[in-house]
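Following: one structure in structure tokens, then a few remarks.
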Amino acid sequence: MTDLAHSLIDTLPKAELHMHLEGSLEADLLFRLAGRNAVTLRWPSEEALRAAYRFSSLQDFLDVYYAGLTVLLTEQDFFDMTWAYLERVHADHVLHAEVFVSPQAHTRRGVAFEVMFEGIWAALQQARERLGMTGGVLLGLQRQWSEDDAFAMIEQARPVADRVLGLGLGGPELPHPPAKFVRAFARARDLGWKTVAHAGEEGPAAYVADCIDLLEVDRIDHGVRCEDDPRLVKRLAELQVPLTVCPLSNIELKVFPSMREHNLARLLRAGVKVTINSDDPSYFGGYMTANFEASVKALALTRQEVVAIARNGFEAAFLPEAQRTAHLARLDAWAAASAPG
Ligand code: ADE
Ligand code: ZN
């Protein structure tokens, strides 16, 4: 499919399942919010911020991510950030978006949970009404903080629990194993939430297995280091646990030396249910179409493989069945229309 036109990849109906809203803040919006809220940033200009987008590791990136998100103070700020992302990915033919937010990074700065949540929620509602998109909010625990902090976050979310899609786990993977959050994830399941966790990005394959065995997650975010344990790859394929892979992120954070060495295609061909996502699109140089395009180009994915990956996205989404069926029908129509001959 290396000859597949940009316009075809662009129009492919997509689901985004792994994207941190704070990582979608483009430099211009970030500086606009800093001005609006009189927040002083460590970078003197947008250009200086963009120049900082060169990362040697996950922690290196997270330092910039946590500094950037301090511009978010009001419900309007969270609305503006979320709407900017949704409008942008509507243009990439994203039909469904499950967006992560990192509540603790806001509440620790004195921003009320409700302020954050309602701003995001209002933008998702507007996307549903104006753009016909579906989506939801995933609350991403930060693993460097304690189990008590995790319980406190879940407690803050209880008043809006029925509007929360699920619980996630992000932040610096090493040295914070999934085992630290077994009870927090059990609490989330009791609330009826889905659960997902970052694992096997910088951390070992064993963390991926722990997310399945100890946290009982519905999906793994990243998970690419599962390949260090061939038996785990087999298990992931057997169980059909979805991996939300973020190709451009993995290159920017040096998980793989180059896109040609990325294991997305190998995992797909081994039967693992991989999806393509953008992680932190403003920092890693691309939204959904760019992530698909870079993967197709470097890994020589066939047209059928691209459709299979997009299908995995809708199948792995936390969606009511009627909406899933409707989105999959759009994908089937795209596949039929783009078939050669
Ligand atoms: N938070 C935002 N992006 C992340 C990533 N790639 N890994 C872990 N936590 C994150
Ligand atoms: Zn992530």
Quick one: among Asp28, Asp77, Asp280, which has the greatest mean-square fluctuation in a GNM of the chain with alpha-carbon springs under 10 angstrom? Asp28
Once every DSSP H run of n ≥ 4 in the chain is given -39500 (n - 2.57) and the sum is divided by its residues, what mean residue ellipticity at 222 nm do you get, rounded to the nearest 500 deg cm²/dmol? -14500 deg cm²/dmol
Carbon + sulfur, % of accessible area of the stretch 6-338 - ligands and nucleic acids excluded, 1.4 Å: 52
Quick calc: nm separation of the 7 Å Cα→Cβ label points for Gln59 and Arg128 -> 4.1
Pick out, in residue order, every one of the chymotrypsin sites (Phe, Trp or Tyr not before Pro) in the stretch 271-313 that is DSSP loop and has at most 10 other C-beta atoms within 10 Å; say none if there are none. none
Choice from Ala294, Ala97, Ala197 with maximal GNM fluctuation in the chain (Cα, 10 Å cutoff): Ala294
Taking the dipole about the Cα centre of the stretch 192-304, with the C-beta of Lys and Arg at +1 and of Asp and Glu at -1, give me whichever of Ser278, Val196, Met259 is farthest to the positive side. Met259
For the stretch 1-66, which trypsin sites (Lys or Arg not before Pro) are both in a DSSP coil and crowded by at most 10 other Cβ atoms within 10 Å? Arg54
Counting only DSSP loop positions in the stretch 203-254, the trypsin sites (Lys or Arg not before Pro) whose Cβ has at most 10 other Cβ atoms within 10 Å are none
Going by a ≥ b ≥ c, the root eigenvalues of the Cα gyration tensor, does the stretch 34-192 fall in the rounded group (a/c under 1.5), the prolate group (a/b larger than b/c) or the oblate group? oblate
When the charge dipole of the chain is computed with +1 on Lys and Arg Cβ and -1 on Asp and Glu Cβ about the Cα centre, the Cα farthest towards its positive end, among Ala335, Val39, Gly223, belongs to Ala335
Given a 1.4 Å probe, the accessible area of the chain per residue, as a whole number of Å², is 38
Rounded, prolate or oblate (a/c below 1.5 giving rounded, otherwise prolate when a/b exceeds b/c) for the chain by Cα gyration tensor: rounded
In sequence order, what are the phi-derived ³J(HN,Hα) couplings for the stretch 216-227 according to the Karplus relation 6.51 cos²θ - 1.76 cosθ + 1.60 with θ = phi - 60°, rounded to whole Hz, with x for glycine and proline? 6, 6, 7, 8, 10, 8, 6, x, 5, 7, 4, 4
With +1 on the Cβ of every Lys and Arg and -1 on the Cβ of every Asp and Glu, and nothing else charged, how large is the dipole of the chain about its Cα centre, in debye rounded to the nearest 20? 460
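The values are calculated or read from the model by the stated rules, or taken from the named source; none is laboratory data. Just so it is clear, the model here is predicted, and its values are computed rather than measured. Please note: Cβ atoms are built from the backbone with ideal geometry, for glycine as well, and neighbour counts cover all protein chains shown. Side chains included, ligands, DNA and RNA excluded: accessible areas come from the protein's heavy atoms. Shrake-Rupley method; radii C 1.70, N 1.55, O 1.52, S 1.80 Å.
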